[in-house]
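Undergrad: Supplied in C-alpha cells, the structure appears directly below.
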Protein chains: 2
Amino acid sequence: MTRGAIHNVSNGAFALPTGAKSTPSPESPVHERVYQALRERILYGGFQPGRPVTLRGLADSLGVSPMPVREAVRRLIAVRALELHDNRRVSVPAMTARKFDEIVFARLALEPELAVRALPRMGEAEIGQIERIDDQIEVSMQSGDPEGYMRYNHAFHSAIYGRAGSETLGALVDSIWLQFGPFMRTVYGRVGTSSLEDQHQRAITAIRQRDADRFKQAIAEDIMQGMRFIGESAFQR
Amino acid sequence: MTRGAIHNVSNGAFALPTGAKSTPSPESPVHERVYQALRERILYGGFQPGRPVTLRGLADSLGVSPMPVREAVRRLIAVRALELHDNRRVSVPAMTARKFDEIVFARLALEPELAVRALPRMGEAEIGQIERIDDQIEVSMQSGDPEGYMRYNHAFHSAIYGRAGSETLGALVDSIWLQFGPFMRTVYGRVGTSSLEDQHQRAITAIRQRDADRFKQAIAEDIMQGMRFIGESAFQR
DNA sequence: AAGTTCATTTTGTGATCACATTATGCGAGC
DNA sequence: GCTCGCATAATGTGATCACAAAATGAACTT
C-alpha cells in the first residue's frame, strides 16, 4: 500500500523550501518542463497581456509536440495565469482595476503572514542569500532591466515564503503572482524601473532582529509601495 | 481583432454571480463537464482522502474517454484538489494538521472580505434565496445527511460570495474549499452532523441590517466555529 | 473606400495507439 | 509464516489523426 512520495508538491516556488530546485529534473515529464517554462515567461514578463496563445504555436516555439503543451496550458488556466475564452481560445489575461484591487488585497492578506511563518527558519545562510538577491535587484533597477528586476524581486519573496513550509498558502500566493506578472512587465516597460525604491532593507534588518511584527510590516509596506507604483502608473488615479 | 468573451470565467461557484448556472451547458466541452462532475464529488464528499484515482477508472465511471478526464484531472491537480505523486499517480490528498491550519487562516483572511464586498449587492431576492438554502441545511443536519449538509452549506456561502463579483478572490476561496471537502466529509461520517450548530442566522440578520462589520464578524465566526468542530474531532487537540 | 461573401487555413477537442514505468499477484525458497 | 523474484496487468505520458468550429484573407459588391 506504499504510495510514492509527493512529487508535484507545488505549482510554484513559494511552496518550495529554499534549497529545492524549481527547474524540473530532466527525467520529469515533458508537460512539467513546459509548465515551468511557460510559468517563468509569465512571471518575468515574457508575455504581453491580451496576447493570444495557441497550443501549436507554443509547441513549435518550445520544440515539443502539442500534447504536453495542452496539459501545461490547462494547468495555467486553472490557476488563472491564462484565460480561456468561450470561443475556446486562450490568451494572457488583461488587467482591470477591479482585479488589480483584489490582487493587492490578497497579497496583503497572505504574504505578510507567510513571511512571519518563515521567520523562525530564516538562518544566516538564508539571510545571506536574500541579501545577494537584493544586490541583483539593485543592479537590475539601475541598469533599467525590467525582466531582471522582476526575476530577482520574485526570487527575493520566493526565498522568504518558501521557508515557511506552507504549501497551501504558498500555492495561493503563487497563483496571484502569475496573475500580475504580465501586467507588471507592461508598466515597467512604459515607465522604466529607475524610479523604483528598494524596500527590502527594512525587511532584512527585521529578520536579523528576529522581530516578527516589524518583518510583517516591512513586507506589507513593500507590497503596498510596489503595487501603488504600478497601479498609479497604469490607472492614474 | 475581436476576441470572444470570457467563457471559463471561473473554476468554481464562488466567482459566479448568484443566478449563473454552475452546471455546464450541454454544448460545453466534455472535459468541462467532467471537471464540474469531479469538482462536485470532491466538494460534497464523494471522494475519500487518500483514495487513489486513475484516469481510465474515472473515464469508465463517467462514461467518457480518458482524454477529457486527463484534462479535468490536470486542472484539479493545479488547484490542489487532487495530488500528483512522483510515481505519477493521482490521489485525493490527505489532510494534515498543518494544512488544516493554513486552510483556516486563508478562509478567515479571504471569506469575510468577500462577504463584505457582496453586501451592497445582496437584495431581498438574494436574502430569500439564502434563507431557503439555510432551511435545507437545517433539514440535512437533523436528518443526519452529511452530503446534503455539505452541499447546502457550500451553496449558502457560494450564494453570498458570488455576489461580490470578485473573481480573483473567489477563485482562491474555491481552491481552498476543494482542499477540505473530502476531509470534512470524513469527519462528519465519523461524528455525525447532529451536533452541528447553524451559525448562519446572525449573518442573515446582519445582511438585513446592512451592517458590514457584523456581517463580516458573523461569517468569520461561522468559519471558526465550523472549522474548530472539524479540527477537534479529527486532531483532538 | 467600406462592407460582405466565401473559400482556405488555423485551432481546440477528442479518440486511439504505442510505450516505458510502476503496481500487483503468484509462486518458490528460506 | 514471511520475504523475495518474476511474470503479468494497469497506468500515465506522448504522438498522431480526424473533425467541427472559428479566424483569416482575398475577391466581389455597393
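We did not get these values from a lab; they are worked out from the coordinates using the rules stated. Owing to the predicted nature of the structure, the values given are computational and were not obtained by experimental measurement. Cβ placement follows ideal geometry from the backbone for every residue including glycine, while neighbour counts extend to all protein chains displayed.
Undergrad: Okay, helix-only estimate at 222 nm for chain B: each DSSP H run of n ≥ 4 adds -39500 (n - 2.57), divide by all residues, round to 500 deg cm²/dmol; what do you get?
TA: Only helices count here, giving -21500 deg cm²/dmol.
Undergrad: Lysine pairs in the protein assembly as shown with Cα distance under 23 Å, only those 8 or more apart or on different chains: how many are there?
TA: 4
Undergrad: Further, regarding this structure: Please label the shape of region A:73-166 as rounded, prolate or oblate, based on the square roots a ≥ b ≥ c of the eigenvalues of the alpha-carbon gyration tensor (a/c under 1.5 means rounded; beyond that, a/b larger than b/c means prolate, else oblate).
TA: Numbers: a/c = 2.31, a/b = 1.58, b/c = 1.46.
Since a/c reaches 1.5 and a/b is larger than b/c, the shape of region A:73-166 is classed as prolate.
Undergrad: Can I ask one more? From the backbone phi of region A:127-133, what are the Karplus-calculated ³J(HN,Hα) couplings (6.51 cos²θ - 1.76 cosθ + 1.60, θ = phi - 60°) in whole Hz, Gly and Pro given as x?
TA: Using θ = phi - 60°, the values come out as 4, x, 4, 6, 5, 5, 4 Hz.
Undergrad: Please report the equivalent ellipsoid semi-axes of region A:18-148, computed as sqrt(5 x eigenvalue) of the Cα gyration tensor, largest first, in whole Å.
TA: 30, 20, 16
Undergrad: Residue by residue through region A:196-207, which ³J(HN,Hα) values in whole Hz follow from phi under the Karplus form 6.51 cos²θ - 1.76 cosθ + 1.60 (θ = phi - 60°), with glycine and proline marked x?
TA: Using θ = phi - 60°, the values come out as 6, 10, 8, 9, 7, 4, 4, 5, 5, 5, 4, 5 Hz.
Undergrad: Further question on the same structure: Report, by chain and number, residues whose modeled amide H sits under 5 Å from the one on A:GLY50, excluding near sequence neighbours (fewer than 5 apart, same chain).
TA: It is A:VAL92, A:ALA94, by chain and number.
Undergrad: Not counting the cut sites, what is the longest span of chain A without GluC sites (Glu not before Pro) that DSSP labels loop and that have at most 13 other Cβ atoms within 10 Å?
TA: A:28-196
Undergrad: Quote the charge dipole size of region B:167-237 about the Cα centre in Debye, to the nearest 20; the model charges only the Cβ of Lys and Arg (+1) and of Asp and Glu (-1).
TA: In total the dipole reaches around 140 debye.
Undergrad: Kirkwood-based Rg over Rh for the protein assembly as shown (C-alpha set), two decimals?
TA: Looking at the protein assembly as shown, the ratio lands at 0.95.
Undergrad: Averaged across the residues of A:159-170, what count of C-beta atoms belonging to other chains lies within 10 Å of each residue's C-beta?
TA: Mean number of neighbouring Cβ atoms from other chains: 3.
Undergrad: Here is a further query. Semi-axes, largest first, in whole Å: what does sqrt of 5 times each Cα gyration tensor eigenvalue give for region B:131-197?
TA: In descending order, the three semi-axes are 23, 16, 6 Å.
Undergrad: Which value, in Å to one decimal place, does the Kirkwood hydrodynamic radius take for chain A when every pair of different Cα atoms is included?
TA: Every distinct Cα pair counted, the radius reaches 18.5 Å.
Undergrad: Any idea what % of Cα-Cα pairs in region A:176-237 are farther than 16 Å?
TA: 52
Undergrad: Which value, in nm² and rounded to one decimal, describes the direction-averaged projected area of the C-alpha convex hull of region A:110-237?
TA: Numbers: hull surface 28.8 nm².
Quarter of the Cα hull surface area: 7.2 nm².
Undergrad: Among B:PRO29, B:SER233, B:GLN217, which residue has its Cα positioned farthest towards the positive end of the charge dipole of chain B, with +1 placed on the Cβ of Lys and Arg, -1 on the Cβ of Asp and Glu, and the dipole taken about the Cα centre?
TA: My answer, from the dipole projection, is B:PRO29.
Undergrad: Moving to a separate point now. For region B:64-148, which trypsin sites (Lys or Arg not before Pro) pass both filters: DSSP loop (anything but H, G, I, E, B) and at most 13 other C-beta atoms within 10 Å?
TA: Working: sites: B:ARG70, B:ARG74, B:ARG75, B:ARG80, B:ARG88, B:ARG89, B:ARG98, B:LYS99, B:ARG107, B:ARG117, B:ARG121, B:ARG132; in loops: B:ARG80, B:ARG88, B:ARG89.
Of the trypsin sites (Lys or Arg not before Pro), the ones in loops of region B:64-148 whose Cβ has at most 13 other Cβ atoms within 10 Å are B:ARG88.
Undergrad: In whole Hz, with x marking every Gly and Pro, tabulate ³J(HN,Hα) for region B:211-216 from phi via Karplus 6.51 cos²θ - 1.76 cosθ + 1.60, θ = phi - 60°.
TA: Ordered by residue, 3J(HN,Hα) equals 9, 5, 4, 5, 5, 4 Hz.
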